[in-house]
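Nothing in this text is a laboratory measurement; each read-out follows from the coordinates by a stated rule. A quick note: this is a predicted structure, and the numbers were derived from the prediction, not measured. We place every Cβ from the backbone using ideal geometry, glycine too, and count neighbours over all the protein chains shown.
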Amino acid sequence: MMQNPAEQTAPPTEDKRWKVVDAALRRLGHRPQALIEAMHAIQRTFGYLEPASLRYLAEALVVPLAKVYGVATFYHHFTLSPPAPHSCVVCLGTVCHIKGGPSILAALEAAHDVTLGGRTHDGALSVVVARCIGACSLAPAVVVDGKTLGPTTPDAVLERVRPFFETKSEEPPHDA
Amino acid sequence: MTPEELRARAEEIREKEAGYAESLRVCSAASCRSLGSDELRKALAGEIARRGLTQRCQVKGVGCLGLCAQGPLVTAELRRGYGVEEREHVLRGVRAEHAAGVVDGLSGSFDPALEVPPGLPFFRRQVRIASEHCGKLDPDEIDDALAAGGYEALVRALYDRTPADVLLEVDRSGLRGRGGAGYPTGLKWRTVAKSAGTPRYVVCNADEGDPGAFMDRSVLESDPHRVLEGMAIAAYAVGASEGYVYVRAEYLLAEQRLRKAIQQAERLGLLGKSVGGTPFEFHVQVRLGAGAYVCGEETALIASIEGNRGQPRPRPPYPAESGLFGRPTLINNVETFANVPPILRRGGAWFASIGTEKSKGTKVFALAGKIANTGVVEVPMGTTLREIVFELGGGIPGGAAFKAVQTGGPSGGCIPAAHLDAPVDYETLASLGSIMGSGGMIVMDEHTCMVDVAKFFMGFCRDESCGKCVPCRVGTVELHRLLDRITSGAATPEDLTLLEELCDLVRHTSLCGLGQSAPNPVLSTLRHFGDEYRAHLEGRCPAGVCAMSGEEAVR
């Protein structure tokens, strides 16, 4: 049986982390339906989907690049730009909405000159809105660098993110 | 594993468990975890070890205990010894620093500040079927599930019943889809079983997207084997050998636990090739959503599993005939599958004896909003809203007046105080302009503005519209703009008329359920809270939520 030519496509860089992505592709037999799973693998590994990775997926799965781009931009979960060193997810599900979530978002926007879904002017923090993280008993809830806080207040959240702006210049913080 | 082997193994584990005089079960579901239940579990285990009690007291992490608002929660079970009768104590708000006190309490009396009063309606009024083992077993240990009778219904069905028998039992139970629409489950299974073409697929919709709904997450995090067993039984009944669980990307813990559960079940031959030592095979894979609400719609979900954008397509053909990869596909929600094993174990007639004439069994609800006992409850169909909100839910904290309960998320509606005595079943909720939905129940008090709530949901639908059909793509934007004008005090009476007309149009001409039901929150608030809309036209927000600046907001 002939080998699928797609399987011989080489990753865009020498980076060893591509092995994780390739393992996901192999597991799903390099079929087009592996596209979303592969994107998850890339985003988990590299933090975002850079243009070169989309081109790689198009070749490796034999899917038009336009479709790859369409899928990547359709789903809110995928991002095409590198993540800021710190993230703050403000939940605006129904319960958080009626319990004060919007005031937390407004406080962050006012204090750090950040637009929704964007980063602060110095790039240290990205602020994202979630439509319910399912932690309604903690409403209003905020997720800062993967840790859920709640019930919280605008002041508490501002206090929590304050260090991100002070230490920023010395060392780029850990997790992405 | 044959039925005998399974029974023997379950018996063996139960005996081992019974060897402990006491057990401390610490909730390890997402909400309690955020409140520090992991540290608590370690502290308790440390304290037990320090006192040399590891032989008699067991400490384990379990699934959701339900009363999320008062976490971290611990159940203390005293089986014998100390002259105390077998009893369960539920402890709330337990922190790591309470560990020594909790272990002291094993002698029979716990700090009253920590103990939930016995007979609390929140627990006493529940009838748990789908969530019966949530909070009792360690979701990471298949042995716990087996000891509780997990996979017994599946293996026994494989040996003792034909697929037709299984279909009959599910028919008899009267079970209806718990994802919200309430389609008879037996009928759906039958359609798939009759459809020509193989392979067939079984898909579990775990893309719980309604904001304010977290009951499926609770079940998946607490008892993943239950859902897998339900899927396997369905697969046997409809003749499928492959299955997918489509989980929201946000549910990391649920995803991990599911993957682990699948591995464990495959290792014991309860999933995978030759299930229970029979020729039946069933392979399950997990697929992650990627943050698109519309993927809760079945045709969009299928598109997403196939690696495409999650855009719905017109039905028919229904997935039962042409679904995943164009093959007959059964799609049910998490809770629907979780109800299947008990139906087989105890009989469809038993299940049908619970609930109302047309809505059988129980329903799991996520209670949230302005309510004391935020958490997950399971009650018989037909329980009134008043019982759920005020008895189980404990009413509204701070003495504020009840205004409405919102069911069904962005596809549902708000039900006012006048209908609090309505029984919760599919038909009654629909007649009140809402829907059963997947089970989110959000309580609102006098400080909540209903127009603002309607605007919130419309904003949600606008953001989540997939853009395929015009009525939904454009209609939700325009509806949101109209609502924005109303909440900013810039609207005229004509805007209200236009709002109603546009709702009618979006409802009747959209392609899928998202667009068709997007106007529901507006229509139901117009119907029950028309006064609030009119007050806004006069420049007044009765709840004091809206800015009413007279200018339209930018966003």
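Restricting to chain B, what percent of DSSP beta bridges are antiparallel, rounded to 5?
Just about 55 percent of them are antiparallel.
Give me the percent of DSSP beta bridges within the protein assembly as shown that run antiparallel, rounded to the nearest 5.
For the protein assembly as shown, the DSSP antiparallel bridge percentage is about 55.
Averaged over its residues, how many other protein chain Cβ atoms are within 10 Å of peptide B:368-380's Cβ atoms?
That average works out to 3.
In whole percent, what relative contact order does chain A give with Cα contacts below 8 Å and a gap of six or more residues?
The normalised contact order for chain A reaches 18 percent.
Which value at 222 nm does chain B reach when only helices count, each DSSP H run of 4 or more adding -39,500 (n - 2.57), with the total divided by all residues and rounded to the nearest 500 deg cm²/dmol?
-12000 deg cm²/dmol
Order of B:D421, B:D138, B:D104 from fewest to most other C-beta atoms within 10 Å?
B:D421, B:D104, B:D138
Give me A:W18, B:W350 ranked fewest to most by other Cβ atoms within 10 Å of their Cβ, as a rough exposure proxy.
B:W350, A:W18
Sketch the reach of a paramagnetic label on B:S549 as a point 7 Å from Cα along Cα-to-Cβ, and name the residues of the range A:85-129 whose backbone nitrogen lies under 18 Å away.
Counting only backbone N, you get A:102-116.
Please give the net charge around B:E141, taking every other residue with its beta carbon less than 10 angstrom from that of B:E141, where Lys and Arg add +1 and Asp and Glu add -1.
That works out to -2.
Rounded, prolate or oblate: pick one for the protein assembly as shown, where a ≥ b ≥ c are the square roots of the eigenvalues of its C-alpha gyration tensor, a/c under 1.5 means rounded, and failing that, prolate if a/b is larger than b/c, else oblate.
Since a/c stays below 1.5, the shape of the protein assembly as shown is classed as rounded.
Can you classify chain B as rounded, prolate or oblate using the Cα gyration tensor, where a ≥ b ≥ c are the square roots of its eigenvalues, rounded means a/c under 1.5, and otherwise it's prolate if a/b beats b/c and oblate if not?
Since a/c reaches 1.5 but b/c is at least a/b, the shape of chain B is classed as oblate.
Structure shown: which of A:K16/B:K42; B:K273/B:K358; A:K19/A:K67; A:K19/B:K273; B:K60/B:K188 lie over 31 Å apart, alpha-carbon to alpha-carbon?
Among A:K16/B:K42; B:K273/B:K358; A:K19/A:K67; A:K19/B:K273; B:K60/B:K188, the Cα-Cα distance tops 31 Å for A:K16/B:K42; B:K273/B:K358; B:K60/B:K188.
Skipping prolines and chain starts, which residues have an amide H placed within reach, meaning under 5 Å, of the one on B:L330, given they are 5 or more residues away or on another chain?
So B:L330 has HN proximity to B:Y201, B:V202, B:V203.
Per-residue mean of other chain beta-carbon atoms within 10 angstrom of the beta-carbon, peptide A:94-107?
So the per-residue partner count for this stretch is 5.
With each pseudo-label sitting 7 Å past Cα toward Cβ, what's the B:E266-B:E88 distance in nm, one decimal?
If labels sit at B:E266 and B:E88, their model points lie 3.3 nm apart.
Could you pull out every one of the aspartates and glutamates with an alpha carbon less than 16 Å from that of B:K468, ignoring same-chain neighbours closer than 8 positions?
Answer for B:K468, where 16 Å is the Cα cut-off: B:E297, B:E298, listed by chain and number.
How would you rank B:M441, B:M1, going from fewest to most other Cβ atoms within 10 Å of each one's own Cβ?
Going from least to most buried by this count: B:M1, B:M441.
To the nearest 20 debye, what is the magnitude of the charge dipole of the protein assembly as shown about its Cα centre, counting +1 on the Cβ of each Lys and Arg and -1 on the Cβ of each Asp and Glu?
Roughly 1260 debye for the protein assembly as shown.
How much FRET efficiency would the formula 1/(1 + (r/R0)^6) give for B:V474 and B:A349, where r is the Cβ-Cβ distance and R0 is 41 Å, rounded to 0.05?
0.25
Got a sec? Charge dipole of chain B, +1 on Cβ for Lys and Arg, -1 for Asp and Glu; which of B:A490, B:L73, B:L220 is way out at the positive end?
Result: B:L220, furthest along the dipole toward the positive end.
Give the residue list of chymotrypsin sites (Phe, Trp or Tyr not before Pro) in the range A:60-158 that are DSSP loop and have at most 11 other beta-carbon atoms within 10 angstrom.
Of the chymotrypsin sites (Phe, Trp or Tyr not before Pro), not one in the loops of the range A:60-158 has a Cβ with at most 11 other Cβ atoms within 10 Å.
What are the aspartates and glutamates whose alpha-carbon lies under 13 Å from the alpha-carbon of B:K16, with same-chain residues fewer than 8 places away excluded?
Answer for B:K16, where 13 Å is the Cα cut-off: B:D143, B:D144, listed by chain and number.
So what J values fall out for the range B:170-181 if you push phi through Karplus, 6.51 cos²θ - 1.76 cosθ + 1.60 with θ = phi - 60°, rounded to Hz, Gly and Pro as x?
The phi angles translate into 5, 4, 4, 5, x, 4, 10, x, 8, x, x, 7 Hz.
Averaged over its residues, how many other protein chain Cβ atoms are within 10 Å of peptide A:135-148's Cβ atoms?
5
Which value, in debye to the nearest 20, describes the size of the charge dipole of the range B:149-352 about its Cα centre when Lys and Arg Cβ atoms bear +1, Asp and Glu Cβ atoms bear -1, and nothing else is charged?
Taking the Cα centre of the range B:149-352 as origin, the dipole is about 280 debye.
Long-range amide H contacts for B:R287: which residues qualify at under 5 Å (H placed 1.01 Å from N, peptide plane, sequence gap of 5 or more or a different chain)?
Amide H neighbours of B:R287, under 5 Å, 5+ apart: B:V245, B:Y246, B:V247.
How large is ³J(HN,Hα) for each residue in the range B:279-292, as worked out from phi by the Karplus curve 6.51 cos²θ - 1.76 cosθ + 1.60 (θ = phi - 60°), to whole Hz, x for Gly and Pro?
After applying 6.51 cos²θ - 1.76 cosθ + 1.60, I find x, 5, 10, 8, 9, 10, 10, 9, 10, 8, x, 9, x, 10 Hz.
Placing +1 at every Lys and Arg Cβ and -1 at every Asp and Glu Cβ, with all other atoms neutral, what dipole size does the range B:209-324 have around its Cα centre, in debye to the nearest 20?
That gives the range B:209-324 a dipole magnitude of about 220 debye.
Among A:T45, A:P151, A:Y69, whose Cα projects farthest towards the positive end of the dipole of chain A, with charges put on the beta-carbon of Lys, Arg (+1) and Asp, Glu (-1)?
So the residue furthest toward the plus end is A:Y69.
What list of ³J(HN,Hα) couplings, whole Hz, do you get for the range B:31-43 from phi and the Karplus terms 6.51, -1.76, 1.60, once you set θ to phi - 60° and write x for glycine and proline?
Coupling constants for the range B:31-43: 5, 5, 4, 4, 8, x, 6, 5, 4, 4, 4, 5, 5 Hz.
Please state the shape class of the range A:5-74: rounded when a/c is under 1.5, otherwise prolate if a/b exceeds b/c and oblate if not, all from the C-alpha gyration tensor.
rounded
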